[in-house]
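The structure appears right after this line, and notes come after that.
Please treat every number below as a calculation from the coordinates, not as lab data. The structure displayed is predicted, hence computed values, not measured ones. A quick note on method: Cβ atoms are made from the backbone with ideal geometry, for glycine too, and the neighbour counts reach across all protein chains shown.
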Amino acid sequence: MGGVVYFAESLVAIAGFTRKVEIYANGYWDDEVIPAVGNVNGILQGFGSLVIANSLYIFGNILCLA
């Protein structure tokens, strides 16, 4: 449901059953570096991600929980 990309010389885990974006640095996952994605009432899944130069793009399906 989530995704992992290599961005800014680190592994980045994106969403899944959450909105968090976590970066792996210094031996642990940190969700304070990159803000959460998607809307505040939903989760992000069924999306694509792409790194071009120094930019991380996330696009696709944002599902809302009612």
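Subtracting the Cα-Cα distance of residue 28 and residue 59 from their residue separation scaled by 0.36 nm leaves 8.6 nm. On the principal axes of its alpha carbon atoms, the chain extends 37, 24, 17 Å, with the longest extent given first. Taking amide H as placed 1.01 Å from N in the peptide plane, the amide H of residue 43 sits under 5 Å from that of 63, 65, each at least 5 places away or on another chain. Sorted on the mean count of surrounding Cβ atoms within 10 Å across their residues, most packed first, peptides 22-30, 8-16, 44-52 read 8-16, 44-52, 22-30. Annotation: for a label point projected 7 angstrom from Cα along Cα→Cβ of residue 51, residues of the range 14-31 with backbone N closer than 13 Å are 14, 22-25. Once C-alpha pairs closer than 8 Å and six or more residues apart are averaged by separation and normalised to the residue number of the chain, the relative contact order reads 28 percent.
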